[in-house]
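Q: Below is the structure I would like to discuss, written out as structure tokens.
Every read-out reported here was derived from the displayed coordinates using simple, explicitly stated rules and does not represent laboratory data. Since the model is a prediction, treat every value here as computed from it, not as a measurement. Counting neighbours? That spans all protein chains shown, and the Cβs are built from the backbone with ideal geometry, glycine included.
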Amino acid sequence: MSQRIEYKTREQMRVMAQAGLIVERALAAAKAAAVPGATTRDVGDATAAVIEDAGATSNFLGYHGFPATACVSVNEEIVHGIPGDKVLEPGDVVSVDCGAIVDGWHGDSAISFIIGEPLSKRDVQLVEQTRRSLWAGIAALATANRLDEVGAAIEDVADAAGLHPLVGYVGHGIGTAMHQPPDVLNYRTRGRHPRVKPGMCVAIEPMLVLGTEDSKVLDDDWTIVSADGSRGAHWEHSIAVHDDGIWVLTAADGGLKGLAPFGVEPTPLD
């Protein structure tokens, strides 16, 4: 059974870009709040303040019962970490994922970073190569015939860096809901995949780990950790495919800087 994809108009994409820029600011506030001695709750609260001040609505808070405005995941916690009393320490690898809704349209993005000085060069490589794999996937989307080309591009970067995509967790379509068809995988797969067409909006989000690709869910029923305790990173952007090209909805420059190393230039929605 084929997935029913929601295709957007240019005007709807512009509203999604408004939501996306709020998310970008929320993530910048989260990173600024993530200092040694701060708690993951402090980081999550920073995103909530930006979203509220912008007059937008969080699409994480209450989603299937999720109790916070952002996911804040530390070290072996790869995704879906619930903000709380965990105190951040120098060298921690932190991933923050959040989203916002404007006039019924969603934005979703994630960043990873290291608190203070890194503990190892491998941690730096983890964060930077996961980020690079995201932009490789976005660049592939710009010229892709089918959506699986995105996953192939992500896997190529991961393999070259000796990293592994987390199995079972993927990107997704986005629009009038935060998660909707189509799935966007972070690795090569066989089979027939959706064609990339104007009007398609997707969230590409590689989740890469230093060790095993396997994971488990903690007792809170949300936090996903690597099965072997190795560290992971998570980067995400929401992207629109339109008649004239692509535009990264969760980046103020539309992805200009991130795509430049791949020879791709985003095309504005206006």
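Q: Out of the residues in segment 160-182 that are within 15 Å of ALA240 (Cα to Cα) and surrounded by fewer than 22 Cβ atoms within 10 Å (Cβ to Cβ), state the one that is nearest to the chain's Cα centre (by Cα). Let's see the steps before the verdict.
A: We begin by selecting, within segment 160-182, every residue within 15 Å of ALA240 (Cα to Cα); these are 171-182.
From the residues that got through so far, the ones that are surrounded by fewer than 22 Cβ atoms within 10 Å (Cβ to Cβ) too are 172, 176-182.
Details: HIS172: 10, THR176: 18, ALA177: 15, MET178: 12, HIS179: 12, GLN180: 15, PRO181: 16, PRO182: 15 Å.
Selected residue: HIS172.
Q: Does ALA140 count as farther than 20 Å from GLY168 by Cβ and surrounded by 20 or more Cβ atoms within 10 Å (Cβ to Cβ)? Steps first, answer last, please.
A: On the way: farther than 20 Å from GLY168 by Cβ: yes; surrounded by 20 or more Cβ atoms within 10 Å (Cβ to Cβ): yes.
It is true that ALA140 is farther than 20 Å from GLY168 by Cβ and surrounded by 20 or more Cβ atoms within 10 Å (Cβ to Cβ).
Q: Does LYS197 satisfy the condition of being farther than 20 Å from ASP123 by Cα, over 19 Å from the mean Cα position of the chain (by Cα) and assigned to a strand (DSSP E or B)? Steps first, please.
A: Numbers: farther than 20 Å from ASP123 by Cα: yes; over 19 Å from the mean Cα position of the chain (by Cα): yes; assigned to a strand (DSSP E or B): no.
Here the answer is no, as LYS197 does not meet what is asked.
Q: Further question on the same structure: Looking at segment 96-114, is at least one residue farther than 20 Å from THR212 by Cα, part of a loop (DSSP other than H, G, I, E, B) and in contact (Cβ under 8 Å) with a residue 60 or more places away in the chain?
A: Initial filter on segment 96-114 (farther than 20 Å from THR212 by Cα): 96-111, 113-114.
Narrowing further to those that are part of a loop (DSSP other than H, G, I, E, B): 103-104.
Then drop every residue that is not in contact (Cβ under 8 Å) with a residue 60 or more places away in the chain, which leaves 103-104.
Yes: segment 96-114 contains one or more residues that are farther than 20 Å from THR212 by Cα, part of a loop (DSSP other than H, G, I, E, B) and in contact (Cβ under 8 Å) with a residue 60 or more places away in the chain.
Q: Which pairs do you get when a residue that is in contact (Cβ under 8 Å) with a residue 12 or more places away in the chain, found in segment 14-29, comes within reach of a residue that is of a type in the set (Ser, Thr, Tyr) and in a helix (DSSP H, G or I), reach meaning Cβ atoms under 9 angstrom, with the pair 6+ apart or on two chains?
A: Cβ pairs passing all conditions: VAL23/THR47; ALA26/THR47; LEU27/THR47; ALA29/THR47.
Q: Could you say whether any residue in segment 205-218 is surrounded by 24 or more Cβ atoms within 10 Å (Cβ to Cβ), under 20 Å from the mean Cα position of the chain (by Cα), under 18 Å from ALA17 (Cα atoms) and not polar (S, T, N, Q)? First the steps, then the outcome.
A: Within segment 205-218, the subset surrounded by 24 or more Cβ atoms within 10 Å (Cβ to Cβ) is 205-209.
If we keep only those that are under 20 Å from the mean Cα position of the chain (by Cα) as well, we get 205-209.
Right, trim to under 18 Å from ALA17 (Cα atoms) and you get 205.
Next cut, not polar (S, T, N, Q) only: 205.
Yes - at least one qualifying residue is present in segment 205-218.
Q: Could you tell me whether segment 18-37 includes any residue that is under 21 Å from GLY229 (Cα atoms) and surrounded by 21 or more Cβ atoms within 10 Å (Cβ to Cβ)?
A: Taking segment 18-37 and keeping what is under 21 Å from GLY229 (Cα atoms), we get none.
Scanning segment 18-37 turns up no residue that is under 21 Å from GLY229 (Cα atoms) and surrounded by 21 or more Cβ atoms within 10 Å (Cβ to Cβ).
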